[in-house]
Amino acid sequence: MPDATGLELTAHELRDRNAESILDTNFHRGRAELRVAPAHVVDVLTGLREKGYTFLASLHGVDYYPEEPRLGVIYELLNMHEVDRLSVNARLHTDDPRIATATGLFPGAEFPEREVYDMFGVVFDGHPDLRRILMPEDFEGFPQRRDFPIGGEPVLFTYNEEKSYGKWQ
Amino acid sequence: MEVKREKLGPASAPDDFRARQLLSRDMLRGDLEGEALERYVEQSIMTTTVEKAVRWSQGNSIYPMTFGLACCAIEMMSIVGARVDIARFGWEAFRASPRQADLLILSGRVSVKMAPVIRRIYDQMLEPRWAISMGACCSSMGVFNNYALVPSDKFMPIDVHVPGCPPRPEALMHGILRLRDKIQGHGRDGWRERYDAVGTEEVFGEGDSSHDGAINVFPGGDTAGA
């Protein structure tokens with residue numbers, strides 16, 4: 001992990017590269033995190049990759065429900081020479097959540113991006129094959145968003161056996 | 001209880017093995033006639049229907065399908081082992097093809113994407129065929145009661161539900177014996193009949209519609225359960 005100072009230095013370097021890219025830094029419980037503007041996320045990732053963060057360990061989505069912007073796309077980067085980890089967090093609004101794809105830099109981001117699209121509805125511009133990956137293709141809605149209902153099928157018990165639809169005859 | 005002991009004397013001679021042996025020799029030779037022949041036939045023939053005999057053999061020679069879905073499958077595998085030996089009932093030959101299998105044990109959770117696959121496997125099985133729904137997930141979705149799963153009753157007929165999370169092998173064995181009873185045509189009644197508990201079903205008020213739909217579903221915009 002870079003310490004808090006190292007994180008600030010990294011943020012400075014990236015700001016020199018693109019002044020609007022870094023919105024904020026966050027060092028919490030030993031984890032370094034860069035809050036970036038979604039429009040410049042590829043710029044930031046390119047800069048970090050040149051700095052040695054060559055391995056995208058994970059790419060995932062989060063729904064920070066009461067906060068706005070709600071959706072977060074998080075890139076976990078690893079510098080394998082110095083064994084440093086760094087999170088890059090891009091926040092998106094739920095209406096038309098769009099962000100550029102990272103597949104150009106990290107080809108392994110293809111499936112995680114499909115998963116984030118499947119679960120949170122984030123559209124990755126430039127993705128080679130953006131389809132649902134876990135849910136059926138005709139599934140409606142994005143199930144990991146906080147406003148998606150939890151429950152699914154009614155369970156057949158004796159009291160609702162007759163009334164419930166879909167019991168196999 | 002009073003125990004009565006007495007020596008078998010000449011009085012019980014017709015039950016004697018040697019006597020019966022001689023009797024059947026006489027019968028084969030054609031010496032038995034009239035009342036003696038009638039009595040002989042009565043003693044040595046059991047009548048039944050073909051249907052009953054077939055059901056008896058079906059219930060004792062089931063080929064389950066080699067098919068596991070999740071953690072329940074681990075418990076299912078152990079019924080083949082020595083401790084609860086399914087081979088005692090002639091059910092031990094797990095078949096890898098649905099064409100050769102008679103029984104589908106749904107052992108685990110069924111996701112929305114898996115349901116059509118299972119339905120297809122079930123359709124490929126030859127009649128007569130049976131299905132056991134094993135574990136909470138498969139019957140009522142258990143702890144995974146969310147958007148991703150579907151209960152098995154919704155897409156195929158289930159003969160026996162085995163509750164548990166996961167059920168112990170003994171529980172599955174009990175379900176299997178129940179299914180055998182059912183196949184052989186003397187299935188025991190449900191627990192309500194057995195315990196004389198008919199009329200104790202869950203009752204909800206007339207206007208109470210909260211239990212009709214899916215449980216855990218909140219009205220739109222309500223994220224209390226999130």
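Quick check on region B:41-53. Is at least one of its residues among the basic types (Lys, Arg), touching a Leu at 6+ places or on another chain (Cβ under 8 Å) and not in a loop (DSSP other than H, G, I, E, B)?
no
Take A:LEU9 and tell me if it is under 18 Å from A:ALA102 (Cα atoms) and either surrounded by fewer than 13 Cβ atoms within 10 Å (Cβ to Cβ) or in contact (Cβ under 8 Å) with a residue 24 or more places away in the chain (or both). Spell out the reasoning first.
On the way: under 18 Å from A:ALA102 (Cα atoms): no; either surrounded by fewer than 13 Cβ atoms within 10 Å (Cβ to Cβ) or in contact (Cβ under 8 Å) with a residue 24 or more places away in the chain (or both): yes.
No.
Can you pull out every residue in region B:136-163 that is more than 7 Å from chain A (Cβ to nearest Cβ), touching a Phe, Trp or Tyr at 6+ places or on another chain (Cβ under 8 Å) and part of a helix (DSSP H, G or I)?
Of everything in region B:136-163, just one residue is more than 7 Å from chain A (Cβ to nearest Cβ), touching a Phe, Trp or Tyr at 6+ places or on another chain (Cβ under 8 Å) and part of a helix (DSSP H, G or I), namely B:CYS137.
So which residues in region B:61-87 are assigned to a helix (DSSP H, G or I), under 14 Å from B:LEU172 (Cβ atoms) and not polar (S, T, N, Q), if there are any at all?
Filtering region B:61-87 down to residues assigned to a helix (DSSP H, G or I) leaves B:72-78, B:86-87.
Next cut, under 14 Å from B:LEU172 (Cβ atoms) only: B:72-78, B:86.
Of everything in region B:61-87, those that are assigned to a helix (DSSP H, G or I), under 14 Å from B:LEU172 (Cβ atoms) and not polar (S, T, N, Q) turn out to be B:CYS72, B:ALA73, B:ILE74, B:GLU75, B:MET76, B:MET77, B:ILE86.
Checking B:VAL160 against (1) in contact with a helix residue (DSSP H, G or I) (Cβ under 9 Å, 6 or more places away or on another chain); (2) under 14 Å from B:MET65 (Cβ atoms); (3) not polar (S, T, N, Q): exactly one of these is not met. Which one?
Checking B:VAL160 against (1) in contact with a helix residue (DSSP H, G or I) (Cβ under 9 Å, 6 or more places away or on another chain); (2) under 14 Å from B:MET65 (Cβ atoms); (3) not polar (S, T, N, Q), the one that fails is (2).
Quick one: is A:ALA19 more than 24 Å from A:ALA109 (Cα to Cα) and not hydroxyl-bearing (Ser, Thr, Tyr)?
yes
Being in contact (Cβ under 8 Å) with a residue 40 or more places away in the chain and either crowded, with 18+ Cβ neighbours inside 10 Å or under 24 Å from A:ALA11 (Cα atoms) (or both) is the filter here; which residues of region A:102-114 pass it?
If the condition is that a residue be in contact (Cβ under 8 Å) with a residue 40 or more places away in the chain and either crowded, with 18+ Cβ neighbours inside 10 Å or under 24 Å from A:ALA11 (Cα atoms) (or both), then A:ALA102, A:GLY104, A:LEU105, A:PHE106, A:ALA109, A:PRO112, A:GLU113 are the ones that fit.
Output the qualifying pairs, or none if there are none: Cβ atoms under 8 angstrom, residues six or more apart or on different chains, first residue in region A:137-151 and more than 7 Å from chain B (Cβ to nearest Cβ) and touching a residue at least 40 places away in the same chain (Cβ under 8 Å), second residue of a type outside the set (D, E, K, R) and part of a loop (DSSP other than H, G, I, E, B).
Filtered contacts from region A:137-151: A:ARG145/A:THR94; A:ARG145/A:GLY121.
If you scan region A:80-100, which residues turn out to be under 28 Å from A:GLY6 (Cβ atoms), touching a residue at least 12 places away in the same chain (Cβ under 8 Å) and not charged (D, E, K, R)? Break it down stepwise before answering.
In the first step, residues of region A:80-100 are kept if they are under 28 Å from A:GLY6 (Cβ atoms); the result is A:80-92, A:99-100.
Restricting the remaining residues to those that are touching a residue at least 12 places away in the same chain (Cβ under 8 Å) gives A:80-82, A:84-92, A:99-100.
Within region A:80-100, A:MET80, A:HIS81, A:LEU86, A:SER87, A:VAL88, A:ASN89, A:ALA90, A:LEU92, A:ILE99, A:ALA100 qualify.
Please state which one of B:GLN43, B:GLN58 is surrounded by fewer than 21 Cβ atoms within 10 Å (Cβ to Cβ), away from every other protein chain (no Cβ under 14 Å) and either touching a helix residue (DSSP H, G or I) at 6+ places or on another chain (Cβ under 6 Å) or at pLDDT 90 or above (or both).
B:GLN58
With respect to B:ALA101, determine if the residue is out of contact with any helix residue (DSSP H, G or I) (no Cβ under 7 Å at 6 or more places or on another chain), at pLDDT 90 or above and not acidic (Asp, Glu).
For B:ALA101, the condition - out of contact with any helix residue (DSSP H, G or I) (no Cβ under 7 Å at 6 or more places or on another chain), at pLDDT 90 or above and not acidic (Asp, Glu) - is met.
Limited to region B:1-28, what total is found for residues that are at pLDDT 65 or above, in a loop (DSSP other than H, G, I, E, B) and under 22 Å from B:TYR40 (Cα atoms)?
Residues meeting the conditions: 1.
The values are calculated or read from the model by the stated rules, or taken from the named source; none is laboratory data. Not measured: the values here are computed from a predicted model. As a convention, Cβ positions derive from the backbone with ideal geometry for all residues, glycine included, and neighbour counts pool all protein chains shown.
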